[in-house]
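Inspection log for the structure reproduced underneath, given as structure tokens.
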Amino acid sequence: MSISGNLSTMNLSEILQWLQMGQKTGTLQISQGMVTKEIYFKGGNVCSASSSDPSEFMGQFLLNSNKLSERQLKIALEMQDRDKEMLGSILLKQNIISKDELLKILEQVSEEIIYDLFLWEEGKFEFKDGQLPEREIAIFNMDITHLILEGVRRSDEWSRIRAVFPNEEVVVKLVVPQILNSLPLHVNETGLLRLVDGRRNLKGIALEIRSNLFNVSKAFYDLYEAGLVAVGDYSANFLRVEKEETLDPSESQIRKIEMLISEGKLDKAQLEIDKLKTVTPKHPKLFMLTEACQEKLLETTAKQMIKFSAIPQLSMAVEEITKLPLSPEEGFIVSRINGVWDVKSIMKIAPFDETVSLKTFKKFLDDGVITFR
């Protein structure tokens, strides 16, 4: 028997308990936006999990735990493309990690994928009864009670964290007098504080150290509680959109524009945006639609123009680049441009979707930050 629904009406704890009680075997698939996660069951027990989010790939966990370097991951991923072999098997053959280490990290990856789902307020889910992946997956006997207790604990903690850090764009700054009074600090605290520059936000720091947003936010929440960091006041930088009226006569046209953008019919979408601008020049969604159209155009042209085999080189001085208002993803990409790695190599080690990487390369090329050879 299959079930489906939304996490907003049936939470993950209830779903896991229902599948356990029914001793189900199959795949629980949960999707939110572009991200899809799967939890695999055998006889009511959780045995593994996977995610389409690049930040939750095994390679990122290995980088975060210092089990391998970016160069080693790049080489291993190239071998994976060539030999069509599992990344874990490649790392075992190269003696980079042991079998015990591989199994431990795979179990940790599965646990983190599941824990993150407890932070999702909504998401479509479907249990595919009796269906498991055809590909080989690592099998673990994961305690559902423990998963639920830890997931609920993180959810509660996330609420407290969000009261201080309401979103991933929050920037923190050092409270130097308190830091000096607290010396010596733990090595983990020192490592995090070194990343605080008053400009880099929580998302940027998470990308830099290959950790998930919850763990980074929790670590900085503890530093905030200890008085070592403070939240910067950057509220003026955020766009505040007025709440729309319940009845919007332009709603059908807006839906049409959104559909055209999603289908890549950008010329037609722009014409409809221009019509909307003429009729209701102050419509609160105009800016968003225009931005979405431009983003889709950038994505399309980036896929057409950027060659995976091209090697990017910086064409601006590092001092000039550091002064640019770079997003966390842009900062990550530019820091990996070394004149040796090609576009494909950098995209493979990036903890975000390749479309983001391609758009970043295209933007850098247009702004004169890089050239290709």
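The values are calculated or read from the model by the stated rules, or taken from the named source; none is laboratory data. Keep in mind it's a predicted model, so treat the numbers as computed, not measured. Positions of Cβ are backbone-derived with ideal geometry, glycine not excepted, and every protein chain shown enters the neighbour counts.
Couple of notes before you dig in:
Here's the yes/no breakdown for (1) touching a residue at least 12 places away in the same chain (Cβ under 8 Å); (2) among the charged types (D, E, K, R); (3) over 20 Å from I349 (Cβ atoms):
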{"site": "L174", "(1), (2), (3)": "yes, no, yes"}
{"site": "L180", "(1), (2), (3)": "no, no, yes"}
{"site": "P184", "(1), (2), (3)": "no, no, yes"}
{"site": "T190", "(1), (2), (3)": "no, no, yes"}
{"site": "V196", "(1), (2), (3)": "yes, no, yes"}
{"site": "R199", "(1), (2), (3)": "yes, yes, yes"}
{"site": "E208", "(1), (2), (3)": "yes, yes, no"}
{"site": "S211", "(1), (2), (3)": "yes, no, no"}
{"site": "F214", "(1), (2), (3)": "yes, no, yes"}
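- Subset of the stretch 279-318 that is basic (K, R) and within 30 Å of S335 (Cβ to Cβ) - its residue that is modelled with the highest pLDDT: K307
- Summed over the stretch 259-271, the residues that are closer than 20 Å to M34 by Cα and buried (at least 17 other Cβ atoms within 10 Å of the Cβ) give a count of 2.
- For V172: the one exception among (1) modelled with pLDDT under 95; (2) assigned by TED's automatic domain parsing to the domain that holds D100; (3) surrounded by 14 or more Cβ atoms within 10 Å (Cβ to Cβ): (2)
Condition check ((1) over 28 Å from G43 (Cβ atoms); (2) of a type in the set (D, E); (3) part of a strand (DSSP E or B); (4) touching a residue at least 24 places away in the same chain (Cβ under 8 Å)) across all residues:
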{"position": "K104", "(1), (2), (3), (4)": "no, no, no, no"}
{"position": "Q108", "(1), (2), (3), (4)": "no, no, no, yes"}
{"position": "E112", "(1), (2), (3), (4)": "no, yes, no, yes"}
{"position": "K128", "(1), (2), (3), (4)": "no, no, yes, yes"}
{"position": "P133", "(1), (2), (3), (4)": "no, no, no, yes"}
{"position": "D156", "(1), (2), (3), (4)": "yes, yes, no, no"}
{"position": "R160", "(1), (2), (3), (4)": "yes, no, no, yes"}
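- In summary, C47 fulfils each of the numbered conditions (1) surrounded by fewer than 20 Cβ atoms within 10 Å (Cβ to Cβ); (2) closer than 21 Å to F127 by Cβ; (3) in contact with a Gly (Cβ under 9 Å, 6 or more places away or on another chain) with the single exception of condition (3).
- Number of residues in the stretch 72-102 that are part of a helix (DSSP H, G or I), over 24 Å from the mean Cα position of the chain (by Cα) and within 30 Å of L149 (Cβ to Cβ) equals 3.
Residues are listed down the side, and each one gets a yes or a no for (1) of a type in the set (S, T, N, Q); (2) farther than 21 Å from L213 by Cβ; (3) modelled with pLDDT under 90; (4) surrounded by fewer than 16 Cβ atoms within 10 Å (Cβ to Cβ):
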position	(1), (2), (3), (4)
E320	no, yes, no, yes
G331	no, no, no, no
V343	no, yes, no, no
A350	no, no, no, no
S357	yes, no, no, no
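- Condition check for S50 on (1) touching a residue at least 60 places away in the same chain (Cβ under 8 Å); (2) in contact with a helix residue (DSSP H, G or I) (Cβ under 6 Å, 6 or more places away or on another chain); (3) of a type in the set (G, A, S): one failure, at (2).
- S55 vs. criteria assigned to a strand (DSSP E or B) and either aromatic (F, W, Y) or touching a residue at least 12 places away in the same chain (Cβ under 8 Å) (or both): no
- Of all residues assigned to the stretch 41-51, at least one qualifies as being at pLDDT 90 or above, in the same structural domain as H146 (by TED's automatic domain parsing), more than 18 Å from R135 (Cα to Cα) and not in a strand (DSSP E or B).
The rows are residues; the columns are (1) closer than 30 Å to N64 by Cβ; (2) at pLDDT 90 or above.
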residue	(1), (2)
R194	yes, yes
G198	yes, no
D222	yes, yes
A236	no, no
R240	no, no
L247	no, no
A269	no, no
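- Top-ranked residue in the stretch 183-198 [being surrounded by fewer than 12 Cβ atoms within 10 Å (Cβ to Cβ) and of a type in the set (A, V, I, L, M); ranked as nearest to L119 (Cα to Cα)]: V187
- Condition met for T280 (surrounded by 15 or more Cβ atoms within 10 Å (Cβ to Cβ), outside the structural domain of R210 (by TED's automatic domain parsing) and among the polar types (S, T, N, Q)): yes
- Of all residues in the stretch 307-321, those that are assigned to a loop (DSSP other than H, G, I, E, B) have Cβ atoms under 8 Å from Cβ atoms of residues that are of a type in the set (K, R), 6 or more apart or on another chain, in F308/K344; S309/K344; A310/R373; I311/R373.
Residues checked against (1) hydroxyl-bearing (S, T, Y); (2) over 28 Å from L63 (Cβ atoms); (3) part of a helix (DSSP H, G or I):
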{"position": "A269", "(1), (2), (3)": "no, yes, yes"}
{"position": "T278", "(1), (2), (3)": "yes, yes, yes"}
{"position": "H283", "(1), (2), (3)": "no, yes, no"}
{"position": "I333", "(1), (2), (3)": "no, no, yes"}
{"position": "W341", "(1), (2), (3)": "no, no, no"}
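Here's the yes/no breakdown for (1) at negative phi; (2) at pLDDT 95 or above; (3) surrounded by 18 or more Cβ atoms within 10 Å (Cβ to Cβ):
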position	(1), (2), (3)
D116	yes, yes, yes
K124	yes, yes, no
L149	yes, yes, no
N181	yes, no, no
G204	yes, no, yes
